[in-house]
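See below for the structure under consideration.
Quick note: the coordinates plus some simple rules give every number you see, no bench work behind them. The shown structure was predicted, so the numbers you read here are calculated from the model rather than taken from an experiment. Methodologically, a virtual Cβ is constructed for each residue, glycine included, from the backbone with ideal geometry; neighbour enumeration extends over all protein chains shown.
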Amino acid sequence: MSSLDHPRRWRRRAFLGAVGAGAITLPFWRSLKGEAQVTSFPKRLLLVFSPNGTWPDEFFPSGGERDFTFRRILAPLEPLRNKVMILDGVDQRITSVGPGDGHQKGMGCLWTGVELLPGGTMGGCDSCPPVSWSSGMSIDQRVALHIGNESPFRSVELGVDNGNNENVWTRMIYRAPGEPLPPEDDPRQAFDRLFGNLDSDPRDAERRRLLRQSVLDYARGDFERLSPRLGSEDRRRLDSHLTAVRELEMRLQNTPNVGAACEIPTVGDPGPLNQDASNPAVIQSMTDLVTMAFACDLTRVASIQWNNSVGQSTFPWLGFNDRHHDLSHEGDSNGAAVEKIIRINEYYAERFAALLTQLDAIPEGDGTLLDNTLVVWGNELGKGNSHTRNRIPWVLAGGAGGAIEMGRYLSFSNRSHCDLLTAINHAFGIEEGFGDSRFQGGPIV
Amino acid sequence: MLPPGGGAFGPTDRPPGPDTTCDAPQVENAPLTHLTRAEYDRTVGELLGIESRVAAGFAPDEDTDGYEVGARVSPLLAEQYVDASEELAQRAVAENLAGLVPCDPASGDEACAVAFIDTFAPRAFRRPATQEERDGLLALYRVGAAYDFATGIEAVVMGAISAPSFLYHLELSPEGSRSGDVVELDDYAVASRLSYFLWGSMPDDELFIAAGNGELSEPEGLETQARRMLESDRAADGIRSFARQWLGLDHLAGMQRDPERYPAWDATMGDRMRQSMLGYVEEAFFGPDTHVDTLLTGTYGYLDPELATAVGVEGVTEPGMQRVELDPTQRVGLLAQPALLTVLAKPNQSDPIHRGVFVRTRLLCQNLPPPPDDIAVVAPDPAPGLSTRERFAEHSSNARCQGCHQLIDPIGFGFEHYDAVGRWRDTDEGADVDASGEVFQSYDADGPFYGVAELSTQLAQSEQVRECVGRQLFRFAMGRTETNRDLCAVQQIQDRFRGADYDLRELMVAIAVSDSFRYLTVPSGANR
């Protein structure tokens, strides 16, 4: 009954039924498969997020830099131990300044390393201080400016169950100060956007391409007529929309550089998106999509946001129905709640291990796609019931073609996470610090 | 982002008034916004004569104080707009070509396309179209007409609804105006504001004609149109949209409750509750008695038998949603509606904190400071033998909590006769419910009460609450929170509301003719 259960589900196919026409497609990737053999492979960046803090005692390994032993939460990473790196003691020190509550700052600063903007009134919170979006670009977007221009999508933002509101708790990627990018939470729509539909009638595809091209030309004219008549702030908004339209036009002409392992993934029906029981299937779909988006070189920068900050997902397949954020607030003495928090974080670690395994299964030259990718998994908090942004549970993987050496567990003391963001910059050849300069001390690795 | 100001005032303050005389109009800058998802679907439905739900899949709108605002177009949304334009143009031509064009589509030709563009473009752009714009659309027709007439029309429709003139609420400042000037909006911009406020969609022909005649730049003409539009069935769409956002009813989608405690709850209940709440608010605005007291102290509800069973209301036997009189000893006002009580509850227990915060922020329009950053915030689990009130005792014993929670908990505990699905209860964990409460630090609603019935009656007497209802509607109407520069308008609205004996329809008219609604401040940097 709710219109939100199946937003635009299979819209193209539904439309086909309505008009009885031939197959309709986005024609952009017709040449996806079997073209040139690629000899050099691009570096990619993938950010992964899960919310509400972890349980540090069962997250961080024991032992030393190379002879570490996983505890319960990260145990699923054991088969990949030579391809991951765990960081302890890397704190979101930036969140000691600026407006916002713990979750807001934890989320808005996580990948930007700068404080939140003061604001009017951000919704989504009954009793939050006046706060706005982050005052900076996120690290993936910085990297995308550097490496994203050669692929059809400068970056791809995917998500799972991030709610129906846009506010500082539900957004982590920022294209520019005050400009969050929304994740696509529907794997079917993400599939359409990335891969279109390849079995199309070429004549129909040509007709669509022509209409699209003409329409985008026309819309661009309207943008250009209106823009000078607006105030500078409004003009910036309109111009940013126009930029997106131009990029869309360019994509009509752009053919990706296809790797041999490129295949169109199959995305099954994961069930209603606002039902928690769909979560494992949606996560798997997003894993499939990002893997093939990389393998097909549709993009080199991506993020997957598994639920938003303060997310209230439930995990019925783990045998309990408690809401995640509620649980994360239970005290240390509530052993039953602590056990559930460990189980939830274990679940996410299993999903993370599955993602890495899939990336690692794609050979690229002497190594694998994972080896050529830097994957960074973060969380807005260290621990839920204290709202601390210290000891964020960071896991790195892959290493961006050897730029960062994996297979290590590194412990720091109160090290600013801007130094991690800086290390990401350096891994992609951007010799710049990242984040608030007051909290920078050079790349962490 | 909005500067802090009139929208934020603390618990001990009197609601702020304007700090200057209000002789000359003042209004906060209104940033450029695009159609919200709900507006987009209703607008294309009206424009193309087809039903659209395509925008439900768009990237969400910004959440500003609980209200949906089309604040920015991300690359994802930009692409969704283009995809939607393609899909909708194809559907419009497939399903409704004869309804769109002024000729028999079988013999459609360029002359017909020109005539179509002449009427379609102004409707799509919600203002007269320039010759240049119409020429551009005709060029698109010719691209498509290389295939056939229908494809030509499809291209025109796709182009028009991809253009920023369709996608944005464009409110251009007049030629010759200077940055910082406060100027009247042009008639077509006023027409759009009015129809998106009252109907959540584009203007109808009559409103376009009134705009073309210059009637909307005069308060009398604007008022005439506002009253006409409030008489229309379409006005229900507007107020339902307001209620959904004001009361946070989207939280009901997919809402889950503990099956052991609430066995009658199932996946259909969230939607039933949403309909129930919307019915209640719609009657308050459009029923026989539109005094604000109906909204705050009505003793009716809209329920179907399944929902009635789940929330423990007896005597609902006919199938489907129906109006019922509720027991006035148990159900008084908005605050006693099962849907709102459920939104403001946890899956397995009542939630006095969020119920109290709701009254503070949504009915008293007061902001509360956040909890201390370093504190463990834990809702205590239901415990045998401990009432909800006892479980939250730390809020009053711990000095760091007490300052804020004194403003919240004594209101929230007044709701304790309702459980997590809004069922009435006389006992909680075996003990008699104690629903005594007190309002502190409001402007004029302070005092002790027992239960929601007394609380609702107490709040209904309060000027602060009545003004707050106006502020909430203002935020919805304007797509932004009021600031200090809007306080003259807030005062105008409240004076008029009071003068009309707090009639909610008059409140809507008052907002429509207020300075903030009719004027804009010329932004800096425009090239005129």
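Measuring from label point to label point, each 7 Å out along Cα→Cβ, what is the B:ASP501 to B:GLU260 span in nm?
For B:ASP501 paired with B:GLU260, the spin-label model returns 5.4 nm.
Output the relative contact order of segment A:386-445, whole-number percent, from Cα pairs under 8 angstrom with separation of 6+ residues.
Relative contact order for segment A:386-445 comes out at 29 percent.
Per q in 0.17 Å⁻¹, report the Debye log10 I(q)/I(0) for segment B:101-141, using one uniform scatterer on each alpha carbon and no solvent.
With no solvent term, the Cα-only Debye profile gives -0.42.
Nearest 500 deg cm²/dmol is fine: what mean residue ellipticity at 222 nm does chain A get from its DSSP H runs of n ≥ 4 alone, each adding -39,500 (n - 2.57), divided by its residue count?
Taking each H run of at least 4 residues, the total per residue is -10500 deg cm²/dmol.
Using Cα atoms only, what is the angle between the long axis of helix A:279-295 and the major principal axis of chain A, expressed in degrees (0 to 90) to the nearest 10?
60
For every other residue with a beta carbon closer than 9 angstrom to the beta carbon of B:THR299, add +1 if it is Lys or Arg and -1 if Asp or Glu, then tell me the sum.
-1
Could you grab the relative contact order for chain B? Cα pairs under 8 Å, six or more apart, rounded to a whole percent.
21
Could you state the angle between the C-alpha long axis of helix B:131-145 and the longest principal axis of the C-alpha atoms of chain B, as a value from 0 to 90 degrees rounded to the nearest 10?
The answer is roughly 80 degrees.
What's the Cα-based Rg to Rh of segment A:17-439, Rh via Kirkwood?
Value, to two decimals: 0.97.
Under 21 Å Cα to Cα from A:LYS105, which lysines show up? Leave out anything in the same chain fewer than 8 places away.
Output for A:LYS105: A:LYS383.
On a 0 to 90° scale, report how tilted helix B:451-460 is relative to the longest principal axis of chain B, with both axes built from alpha carbons and the result rounded to the nearest 10.
Between the helix axis and the principal axis of chain B, the angle is about 50 degrees.
Kirkwood hydrodynamic radius of the protein assembly as shown from all distinct Cα pairs, in Å?
The answer is 29.5 Å.
How big is D for segment B:33-169, in µm² s⁻¹ as a whole number, if Stokes-Einstein is applied with the Kirkwood radius of its Cα pairs at 37 °C and 0.692 mPa s?
The Stokes-Einstein estimate is 216 µm²/s.
Any lysines with Cα under 21 Å of the A:LYS43 Cα? List them, leaving off those in the same chain fewer than 8 positions away.
The qualifying lysines are A:LYS33, A:LYS83.
Viscosity 0.890 mPa s, temperature 25 °C: Stokes-Einstein D of segment A:151-216 from its Kirkwood Cα radius, in µm² per second?
170
Figure the gain on full extension for A:SER413 and A:ARG225 (residue separation times 0.36 nm, minus the Cα-Cα span) and round it to one decimal in nm.
Contour length minus the Cα-Cα distance gives 62.2 nm.
Beta carbons within 10 angstrom, averaged per residue: use that to sort the peptides B:391-403, B:472-484, highest first. It would help to have the intermediate numbers written out before the result.
Values: B:391-403: 13.7, B:472-484: 23.1.
My ranking of the peptides, most packed first, is B:472-484, B:391-403.
Determine the calculated [θ] at 222 nm for chain B from helices alone, applying -39500 (n - 2.57) to every DSSP H run no shorter than 4 residues and normalising by the residue count; nearest 500 deg cm²/dmol.
On the way: 23 runs with 250 residues, N = 528.
Theoretical 222 nm ellipticity from helices: -14500 deg cm²/dmol.
Quick one: if you stick a label point 7 Å off each Cα along the C-beta vector at B:GLU314 and A:GLU350, how many nm between them?
With each label point 7 Å from Cα toward Cβ, the separation is 4.8 nm.
Taking R0 as 35 Å, what's the FRET efficiency between B:ALA24 and A:GLU206 from their Cβ-Cβ distance, rounded to 0.05?
According to the calculation, E is roughly 0.05.
Please enumerate, by chain and number, the aspartates and glutamates with C-alpha under 18 Å from the C-alpha of A:LYS340, excluding those fewer than 8 residues away in the same chain.
Qualifying aspartates and glutamates at Cα under 18 Å: A:ASP57, A:GLU58, A:ASP276, A:ASP322, A:ASP326, A:GLU330, A:ASP332, A:GLU350, B:ASP258, B:ASP381.
Starting from the Cα gyration tensor of segment A:341-384, take the square roots of the eigenvalues, sort them a ≥ b ≥ c, and report rounded, prolate or oblate (rounded when a/c is under 1.5, otherwise prolate if a/b is larger than b/c, else oblate).
Oblate shape, in that a/c is at least 1.5 and b/c is the bigger or equal ratio.
May I ask you to give the average projected area over all directions of the convex hull of the Cα atoms of segment B:400-528, in nm² rounded to one decimal?
Hull-based average projected area comes out at 12.2 nm².
For segment B:160-286, count all C-alpha to C-alpha pairs, find those more than 26 Å apart, and express that count as a whole percent of the total.
Tail fraction, whole percent: 43.
Which GluC sites (Glu not before Pro) in segment B:115-181 sit in a loop by DSSP (not H, G, I, E or B) and have at most 14 other Cβ atoms within 10 Å of their own Cβ?
B:GLU175
Just from the alpha-carbon atoms, what are the Rg and Dmax of chain B in angstroms?
Cα only, chain B: 25.3, 82 Å (Rg, Dmax).
Could you work out, residue by residue across A:158-169, how many beta carbons of other chains sit within 10 Å of that residue's beta carbon, and then give the average as an integer?
On the way: counts 0, 0, 0, 1, 1, 5, 10, 9, 11, 5, 1, 1.
So the per-residue partner count for this stretch is 4.
Quick one: which residues, 5+ away or cross-chain, put their amide H under 5 Å from the amide H of B:ASP428? H built at 1.01 Å from N.
Placed amide hydrogens put B:VAL433 under 5 Å from B:ASP428.
Label points 7 Å out from Cα along the Cβ direction at B:GLN461 and B:GLU394: separation in nm?
Roughly 3.7 nm, to one decimal.
Using Cα centres only, tell me the gap between segment B:139-181 and segment B:454-498 in whole Å.
37
Explain nothing, just the number: relative contact order of chain A, from Cα pairs under 8 Å at least 6 residues apart, as a whole percent.
Once normalised by length, the contact order is 31 percent.
Send over the per residue convex hull volume for segment B:99-179, Cα only, as a whole number of Å³. Mind showing how you got there, number by number?
On the way: hull volume 7.3 nm³, N = 81.
Normalising the Cα hull of segment B:99-179 by residue number yields 91 Å³.
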